[in-house]
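Enquirer: One structure follows; several queries about it will come next.
The values are calculated or read from the model by the stated rules, or taken from the named source; none is laboratory data. Model, not experiment: these values are computed from the prediction. With ideal geometry, Cβ positions are generated from the backbone for all residues, glycine too; neighbour counts draw on all protein chains shown. Please note that ligands, DNA and RNA were not included when accessible areas were found on the heavy atoms of the full protein model with its side chains. Shrake-Rupley method; radii C 1.70, N 1.55, O 1.52, S 1.80 Å.
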Amino acid sequence: MPAPPTVAPARPRGLQRWLPQSLFGRLLLVLTGGLLVAQLLSAAINVAERDRLLGSSFGMLPAQRIADVVRLLDDLGEAERGRVLAVFRVPPLVLSLHATPLTAADGATAWHTQMFASRLRAALGGDRPVRVEAREGYAPAAPVAGGPGMHPGPMRGGGGMMGRGPGAAAAIVRTEVQLRDGLWARFDTELPEAPQALPWRLALTLAVLLASVLALSYVAVRWVVRPLQRLTEAAQALGQDLNRPPLPEDGPREVQQAARAFNTMQQRLAAFIDERTRMLTALSHDLKTPLTRMRLRADLLDDDEQRLRFESDLKEMEAMVTQTLEFMRGLGGNEPRQPVDMMALLAALQADQQAMGRTVVIEGRAGQPCIGVASLLRRALSNLMDNAVLYGGRATVRVEETPDTLVLRILDEGPGIPEAELGRVFEPFVRLEASRSRATGGTGLGLGIARNIARAHGGDVVLSNRAEGGLEARLSLPLRRA
């Protein structure tokens, strides 16, 4: 069966140029984009809610602890205060008493110190003087010597507050609160770290979840698209082998229905082609019988000139009938395909042409065989050579080979074909009278038959005019097709 002409895919425009061209790629892009947006929104909502909860409780526990200690110190005497100071000598709350404050009245400038100061004032209540200042590390100030209830802050060696290494900066807030007797209670407190914009644990959780869903999406999309790829491959192979094995009717219900419809279409096409072939075979036999009788009657004519003309007309009619039936019969594609030695085939055709006094030159060499039907390939090459010799005087066949394709360029030295007619000459019975006369023979089917044979083998025939004059017929055939 002649293969359908190859249709070039439409070039994408606008936004389509930036989208994947396969259904698999587009489905995966939609799923990936949707999951990514959902994950980002989920992360934003979680971080916002976490920040709200942390902000509402930030510094509340240290502020309440300081307020309780201040109230306790207000009710104690000097001796009891000394024992309290001995207890609060270690982090996270370091206490000392001083006669005067060392912290500026407006020292709370950072957001966390301002929030801590507001929490502390709310816990203390009243109009008690409070000063808050953010500090880096811890260096206790020396108390006023001899002051009542004075107790020096704890001294450290090298370590710094909260057990941090040397030079490590701690998020420390120095708070000074005035007691009822006028002394200032100084608290060096380490506040909890400010919340990060996106905790690494949350980011890692979202990344693992996104990667897992994407992997599952990849498998699911590939699983869904694979039957479509199989159907596409079967449709492409149908034009080259109508008797190919049917598609397996398995998978989801929709896939089963598509495969069943495709197999039904293939069976109907095969039955139609088979019926047409049988009908044309019978028609060929019925047409040749009267032609044979007419040839016998022509031999009985006494006038030699009339007999020769009559026999010439009969030969032309027989050639038209034979080539027309071959064209409509689908080129006999039921023969098995096997490796064909193209160089041997070209040499045989060259010998046939030379036996008829024609000049055919072969240039280049093919290193590997082509999978196909030898008789059909011979007919296609013979038609192209006849066309080149009859209308160009001689033919040159140039053999070019790539890892996947064999290209045979048949060149002639004739007048060529108008550019507008290069595609029309493949149509049945089309002959360009300006350059092709009936005296050269032919029915206008040779080029169409050659192209149908090439397409039935997965290749094509393309005509083009040469710059130096003449016509080039480019026959391309795939080398790696089972």
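Enquirer: For segment 255-302, how many residues are open to solvent by less than 100 Å² (accessible area, probe 1.4 Å) and outside any helix (DSSP H, G or I)?
Expert: Count: 1.
Enquirer: Ok, one more. Name the residue that is nearest to Leu463 (Cα to Cα), counting only residues in segment 354-385 that are part of a loop (DSSP other than H, G, I, E, B) and touching a Leu at 6+ places or on another chain (Cβ under 7 Å). Steps first, please.
Expert: Filtering segment 354-385 down to residues part of a loop (DSSP other than H, G, I, E, B) leaves 356-359, 364-369, 373.
In the following step, the residues that additionally are touching a Leu at 6+ places or on another chain (Cβ under 7 Å) were identified as 366, 368.
On the way: Ala366: 22, Gln368: 25 Å.
Restricting to residues being part of a loop (DSSP other than H, G, I, E, B) and touching a Leu at 6+ places or on another chain (Cβ under 7 Å), the top hit is Ala366.
Enquirer: Continuing with the same structure: Scan segment 350-387 for residues that are buried (at least 17 other Cβ atoms within 10 Å of the Cβ) and either of a type in the set (Lys, Arg) or under 17 Å from Glu413 (Cα atoms) (or both) and jot them down.
Expert: Gln353, Arg358, Val360, Arg378, Arg379, Asn383, Leu384, Met385, Asp386, Asn387 - these are the residues of segment 350-387 that are buried (at least 17 other Cβ atoms within 10 Å of the Cβ) and either of a type in the set (Lys, Arg) or under 17 Å from Glu413 (Cα atoms) (or both).
Enquirer: If you scan segment 299-323, which residues turn out to be closer than 28 Å to Pro428 by Cβ and in contact with a helix residue (DSSP H, G or I) (Cβ under 6 Å, 6 or more places away or on another chain)? Step through it out loud before you land on a result.
Expert: Here is the first cut: in segment 299-323, the ones closer than 28 Å to Pro428 by Cβ are 309-323.
Result: Phe310, Glu311, Leu314, Glu318, Val321.
Enquirer: Continuing with this model, one more query. Name the pairs whose Cβ atoms lie under 7 Å apart, with the first residue in segment 60-85 and under 18 Å from Glu133 (Cα atoms), the second open to solvent by 50 Å² or more (accessible area, probe 1.4 Å), and 6 or more positions between them or separate chains?
Expert: The qualifying pairs are Met60/Arg119; Ala63/Arg119.
Enquirer: While we're here: Which pairs do you get when a residue that is among the aromatic types (Phe, Trp, Tyr), found in segment 172-190, comes within reach of a residue that is open to solvent by less than 10 Å² (accessible area, probe 1.4 Å) and not in a strand (DSSP E or B), reach meaning Cβ atoms under 7 angstrom, with the pair 6+ apart or on two chains?
Expert: That search, which allows pairs on different chains as well, returns Phe187/Ile66.
Okay, residues lined up against (1) modelled with pLDDT of 80 or more; (2) open to solvent by 50 Å² or more (accessible area, probe 1.4 Å); (3) closer than 15 Å to Ala348 by Cα:
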residue: Val389; (1), (2), (3): yes, no, no
residue: Leu406; (1), (2), (3): yes, no, no
residue: Glu413; (1), (2), (3): yes, yes, no
residue: Glu427; (1), (2), (3): no, yes, no
residue: Ala439; (1), (2), (3): no, yes, no
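Enquirer: Taking the condition modelled with pLDDT of 70 or more, of a type outside the set (Ser, Thr, Tyr) and open to solvent by 50 Å² or more (accessible area, probe 1.4 Å), does Val30 pass? Break it down stepwise before answering.
Expert: On the way: modelled with pLDDT of 70 or more: yes; of a type outside the set (Ser, Thr, Tyr): yes; open to solvent by 50 Å² or more (accessible area, probe 1.4 Å): yes.
Judged against the criteria, Val30 is a match.
Enquirer: Kindly check whether there is at least one residue in segment 107-114 that is at pLDDT below 65 and out of contact with any Ser or Thr (no Cβ under 8 Å at 6 or more places or on another chain). Before you say what the answer is, go through the steps one by one.
Expert: Of all residues in segment 107-114, those at pLDDT below 65 come to 107-108.
Applying the additional criterion that residues be out of contact with any Ser or Thr (no Cβ under 8 Å at 6 or more places or on another chain) yields 108.
Looking through segment 107-114, at least one residue is at pLDDT below 65 and out of contact with any Ser or Thr (no Cβ under 8 Å at 6 or more places or on another chain).
Enquirer: For residues that are under 29 Å from the mean Cα position of the chain (by Cα), open to solvent by less than 50 Å² (accessible area, probe 1.4 Å) and modelled with pLDDT under 80, tally how many sit in segment 237-254.
Expert: Residues meeting the conditions: 4.
Enquirer: Moving on to the next point. Please verify whether Pro166 is of a type outside the set (D, E, K, R), modelled with pLDDT under 75, part of a loop (DSSP other than H, G, I, E, B) and surrounded by 11 or more Cβ atoms within 10 Å (Cβ to Cβ), treating the condition exactly as stated. I'd like the intermediate steps shown before the answer.
Expert: Numbers: of a type outside the set (D, E, K, R): yes; modelled with pLDDT under 75: yes; part of a loop (DSSP other than H, G, I, E, B): yes; surrounded by 11 or more Cβ atoms within 10 Å (Cβ to Cβ): no.
It is false that Pro166 is of a type outside the set (D, E, K, R), modelled with pLDDT under 75, part of a loop (DSSP other than H, G, I, E, B) and surrounded by 11 or more Cβ atoms within 10 Å (Cβ to Cβ).
Condition check ((1) within 57 Å of the chain's Cα centre (by Cα); (2) modelled with pLDDT of 85 or more; (3) part of a loop (DSSP other than H, G, I, E, B); (4) of a type in the set (Val, Ile, Thr)) across all residues:
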site	(1), (2), (3), (4)
Val69	no, yes, no, yes
Ala104	no, no, yes, no
Ala117	no, no, no, no
Arg131	no, yes, no, no
Gly149	no, no, yes, no
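Enquirer: Please find, within segment 369-397, the residue that is nearest to the chain's Cα centre (by Cα) out of those that are more than 18 Å from Met343 (Cβ to Cβ) and not charged (D, E, K, R).
Expert: Asn383
Enquirer: Any chance you could count how many residues in segment 176-205 are at pLDDT 80 or above and part of a helix (DSSP H, G or I)? Explain how you work it out, then say what you get.
Expert: As a first pass, look at segment 176-205 and keep what is at pLDDT 80 or above: 176-189, 204-205.
Subset that is part of a helix (DSSP H, G or I): 204-205.
Number of matching residues: 2.
Enquirer: Please specify each residue of segment 92-102 satisfying the condition of being open to solvent by less than 80 Å² (accessible area, probe 1.4 Å) and at pLDDT below 85.
Expert: Result: Pro92, Leu93.
Enquirer: Being touching a residue at least 60 places away in the same chain (Cβ under 8 Å) and touching a Leu at 6+ places or on another chain (Cβ under 7 Å) is the filter here; which residues of segment 389-406 pass it?
Expert: If the condition is that a residue be touching a residue at least 60 places away in the same chain (Cβ under 8 Å) and touching a Leu at 6+ places or on another chain (Cβ under 7 Å), then Gly392, Asp404, Thr405, Leu406 are the ones that fit.
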